[in-house]
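The values are calculated or read from the model by the stated rules, or taken from the named source; none is laboratory data. Quick caveat: nothing in here was measured; it's all calculated off a predicted structure. Please note: Cβ atoms are built from the backbone with ideal geometry, for glycine as well, and neighbour counts cover all protein chains shown. Note: accessible area is taken over every heavy atom of the protein model, side chains too, but ligands, DNA and RNA are not part of it. Shrake-Rupley method; radii C 1.70, N 1.55, O 1.52, S 1.80 Å.
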Amino acid sequence: MPDAPIELDALDLLANEAFPGMVVRKDLLRRMRTSFGVPAFVIEFLLGKYCASTDDREINEGLEFVRETLASKYVKPDQRESVKSSIKQHSTYEFIDKVSVKLVEVHDKYWASLSNLNLDFINIDERLVKEHERLLMGGVWAEITIRYDETYIFKNQNRPFFIESIRPIQISNRNMEGFRASRKRFTRDQWLDLLMRSMGYEPDHPYYTKRRKLHCMLRLVPFVERNFNSVELGPRGTGKSFVYQQMSPYCHLVSGGQTTTAQMFVNLSSGQRGLVCMWDVVAFDEAAGINFSDKSGVNIMKGYMEDGAFSRGRDIITAEGSIVFVGNIDGEIATIVRTSHLFYPMPKEMDTAFYDRIHAYIPGWEFQKTHDDAYTNHFGLVTDFLAEVFREVRKSSYTDYAERHFKFGSHLGGRDQKAVRKIVSGLIKLLHPDGEVTKVELAEYVEYALEMRRRVKEQLKKMGGLEYWNTSFSYIDRESGQETFVNVPEMGGGSLIPEGQQAPGSVYTIGTDASDSRLALFLLQAQVNPGSGRIIPLGNLSKSMKEAIKTADAYLRGNLKNLGITRDIDSYDFSLQAINLNQAKDGSETAVAFFISLVSAILEKSVLERTVVLGEMSVQGLLLKVNSLPERMQLAVEAGAKRILIPSENKRDLADVPDTIITAIQWHFYDSPIKAATIAMGLA
């Protein structure tokens, strides 16, 4: 049945004129993919050969030929036995499948495997392995000719299958001069829309705002920029891994995140180079599950992400493969930003130094599950042709362009500047492959790049404190001197500490979570009820918090007169709760705050609004110095506090606190727990 014609628009006509034979209707791809489980670039390779036309009759004839080709040559797993029988009967057989090769040392021989045919120990000439190195690194999709020789015996076993020839499914012609000349026929926005259609999306759909289009382009930057590291976390079903699975034969997707150091970098036994050496892009799907069987794997990757080199044995090996992490992030982003950080789904083995090597964090939560009407029925560039173009422009560099008209602000460190340069270079390669970009367009790319890198830095600031404090990213126009600051949209959410006074017995404090070596904000609440003087901890309080409550209670009972409390506290029960506002497991160094919570509840006097109390003490009221004062004050400011109470033992540490924090909050020292209580409740 002929496929219904579509109404061609101006971009369709221009694309066919500029790239004759290199564009194809993307709706045809979707229809074919429902019937044949092969990657997009395999189907488009055939569609590009037989359906690259605007003539409906030619398209339908070509489509029928592609269907017949895939039906006859593509091997479905359930056809395994019938295909094996056909190979035996016809001596030689041609089909499309994914072929991979491994060296079996005990045999001193290469053996091939076919994915869909589920057939191992296929004889393959060493010459073919040398011609197609990717056979050893995950395999390639190809048109394969196989023959059958029932007389061949290897180590007393019949191994009758032989691969005669392999024709990888990819376009070999890379006429970049012609490509760049054809690109000049499009405006920047037309070209952006054509790239969107080439990815299968309809750019005219209201869902695809300019910002979302740029996010899609950033997904492609690892294909055109060497040694580019990015991460995208977001909801399920938003197409995060589609690009890396379907858009190019030069990308390897590691599903589930399971790999080894030998597979990723180099096998010390055989000398075989790993994924980052063999593929332009190595993408980890389900990034939360990344796991190296060798514990040194993450550290080796950390070094590689820094300078594109790694050492194994006595050799220093360089590679150009980009690293991409995609995965899911659950929960409301505004809440996550307030209470945790946006790297929380990633493996715990990855530290701040690892994340600092990431050039861009794509906000995957800004995408929704893609509906059918957001996919295009129009023409786009053949995926395989685009993959070859990407591979060619990968050789060039536009990293100097970001600073042709602009300077970076003072808060950008060396890694920040490197990241911004690489993002801008990648976007120029994609949207202006000839390097001709206006100052206005360049400003747009610089601002976008600064945001993508700042998102990384903001998470490092939450995780690592003052080491990553400088996050006020900006760029300065060299001509006018105007400085423009770049924000991260999700950072503008509400504060953890709201305006207005809390009920008596409520106190904010910052404790130390020793298990994760981080600070966390807690809201402590105490309630007084008639009883027999019991202390009733509510919820799953940690051991250190229970000890802090005992300390606070003991000091309170010994200082009732000093506090002017005349009530018989043994006639009341005290219920205490610690509300965890930063998803921490523990909260040590909180005894002073628990003491103030009890006093506030007994006196029925609220603590001043937006006040945070720091401090640890002994049962006799001896104050102990708290650790990491600058980081605690930073967390208080970010949470929305207006004032903070600090033990006098920390006076010397105030010199280490940046001026931007000092001026952002009122700070008060106290020399006793009783003095802290009077200041906190506004009685001093």
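Structure notes:
- Looking only at residues in the stretch 591-631 that are open to solvent by 30 Å² or more (accessible area, probe 1.4 Å) and outside any loop (DSSP other than H, G, I, E, B), the one that is farthest from PHE669 (Cα to Cα) is LEU603.
- Residue in the stretch 9-32 that is among the basic types (Lys, Arg) and open to solvent by 20 Å² or more (accessible area, probe 1.4 Å) present: yes
- Taken residue by residue, the stretch 199-206 has at least one member that is in a loop (DSSP other than H, G, I, E, B), open to solvent by less than 30 Å² (accessible area, probe 1.4 Å) and of a type in the set (Asp, Glu).
- For the stretch 89-106, the tally of residues that are surrounded by 15 or more Cβ atoms within 10 Å (Cβ to Cβ) and either among the polar types (S, T, N, Q) or part of a helix (DSSP H, G or I) (or both) stands at 1.
- Here VAL326 meets each of (1) crowded, with 16+ Cβ neighbours inside 10 Å; (2) of a type in the set (A, V, I, L, M); (3) within 30 Å of GLY271 (Cβ to Cβ) with one exception, condition (3).
- Sub-7 Å Cβ pairs linking a first residue in the stretch 344-356 that is outside the structural domain of ARG454 (by the TED database) to a second residue that is polar (S, T, N, Q) and open to solvent by less than 10 Å² (accessible area, probe 1.4 Å), at least 6 apart or interchain, are TYR355/GLN459, ordered by first then second residue.
- Residue match in the stretch 632-641 (condition: surrounded by fewer than 19 Cβ atoms within 10 Å (Cβ to Cβ) and closer than 18 Å to LEU524 by Cβ): yes
A quick yes/no check of all residues on (1) modelled with pLDDT of 85 or more; (2) of a type in the set (Phe, Trp, Tyr); (3) not in a helix (DSSP H, G or I):
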residue: ASN227; (1), (2), (3): yes, no, yes
residue: GLU232; (1), (2), (3): yes, no, yes
residue: LYS240; (1), (2), (3): yes, no, yes
residue: ASP294; (1), (2), (3): no, no, yes
residue: MET301; (1), (2), (3): yes, no, no
residue: MET305; (1), (2), (3): yes, no, no
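- Residue check, VAL106 of a type in the set (Val, Ile, Thr), free of Cβ contacts under 8 Å to residues at least 40 places away in the same chain and farther than 30 Å from GLY271 by Cβ: no
- Residue satisfying condition, being open to solvent by 10 Å² or more (accessible area, probe 1.4 Å) and either in contact (Cβ under 8 Å) with a residue 24 or more places away in the chain or in contact with a strand residue (DSSP E or B) (Cβ under 6 Å, 6 or more places away or on another chain) (or both), within set ASP384, ASP416, ASP400, ASP373: ASP373
- Qualifying residue in the stretch 560-583 (condition: among the hydroxyl-bearing types (Ser, Thr, Tyr), open to solvent by less than 20 Å² (accessible area, probe 1.4 Å) and not in a strand (DSSP E or B)): no
- Hey, ARG652 out of contact with any Pro (no Cβ under 8 Å at 6 or more places or on another chain), within 13 Å of ILE510 (Cα to Cα) and not assigned by the TED database to the domain that holds GLU458 or not: no
- Scope the stretch 76-88; condition farther than 13 Å from ILE122 by Cβ, touching a strand residue (DSSP E or B) at 6+ places or on another chain (Cβ under 6 Å) and open to solvent by less than 60 Å² (accessible area, probe 1.4 Å); matching residues: SER86
- Each residue in the stretch 242-275 was checked for being modelled with pLDDT under 90, open to solvent by 30 Å² or more (accessible area, probe 1.4 Å) and either more than 21 Å from the chain's Cα centre (by Cα) or not β-branched (Val, Ile, Thr) (or both), and 14 of them qualify.
- Any hit, the stretch 124-142, residues being in contact with a Ser or Thr (Cβ under 6 Å, 6 or more places away or on another chain), of a type in the set (Lys, Arg) and open to solvent by 10 Å² or more (accessible area, probe 1.4 Å): no
- Test: residue in the stretch 78-90 that is under 40 Å from the mean Cα position of the chain (by Cα), touching a residue at least 12 places away in the same chain (Cβ under 8 Å) and within 27 Å of ARG147 (Cβ to Cβ): yes
- Within the stretch 302-318, residues that are more than 19 Å from GLU349 (Cα to Cα) and of a type in the set (Lys, Arg) sit with their Cβ atoms under 9 Å from residues that are open to solvent by 70 Å² or more (accessible area, probe 1.4 Å) and not in a strand (DSSP E or B), at 6+ positions apart or across chains, in these pairs: ARG312/LEU268.
- The set of residues in the stretch 354-381 that are among the hydrophobic types (A, V, I, L, M, F, W, C) and more than 18 Å from CYS216 (Cβ to Cβ) comprises PHE354, ILE358.
- Pairs linking a residue in the stretch 596-618 that is assigned by the TED database to the domain that holds GLU638 to a residue that is aromatic (Phe, Trp, Tyr) and part of a loop (DSSP other than H, G, I, E, B), with Cβ atoms under 9 Å and 6 or more positions apart or on different chains, do not occur.
- Taken over the stretch 504-544, the criterion of being part of a loop (DSSP other than H, G, I, E, B), open to solvent by 40 Å² or more (accessible area, probe 1.4 Å) and not polar (S, T, N, Q) is satisfied by PRO504, ALA514, ASP516, ARG534, LEU538, GLY539.
- The one condition in (1) part of a loop (DSSP other than H, G, I, E, B); (2) among the polar types (S, T, N, Q); (3) more than 20 Å from MET196 (Cα to Cα); (4) in contact (Cβ under 8 Å) with a residue 40 or more places away in the chain that THR54 fails to fulfil: (3)
- Looking only at the stretch 655-683, and only at residues there that are in a helix (DSSP H, G or I) and at pLDDT below 95, the one that is most open to solvent (accessible area, probe 1.4 Å): ASP659
- With respect to (1) assigned by the TED database to the domain that holds GLU164; (2) closer than 30 Å to GLU177 by Cβ, the lone exception for ASP97 is condition (2).
- Cβ-Cβ under 7 Å pairs, at least 6 apart or on other chains, the stretch 289-300 side within 12 Å of MET350 (Cβ to Cβ), far side open to solvent by 30 Å² or more (accessible area, probe 1.4 Å): ASN291/GLN258; PHE292/THR260; VAL298/GLU349
- Test: residue in the stretch 346-361 that is surrounded by fewer than 14 Cβ atoms within 10 Å (Cβ to Cβ), touching a strand residue (DSSP E or B) at 6+ places or on another chain (Cβ under 7 Å) and modelled with pLDDT under 95: no
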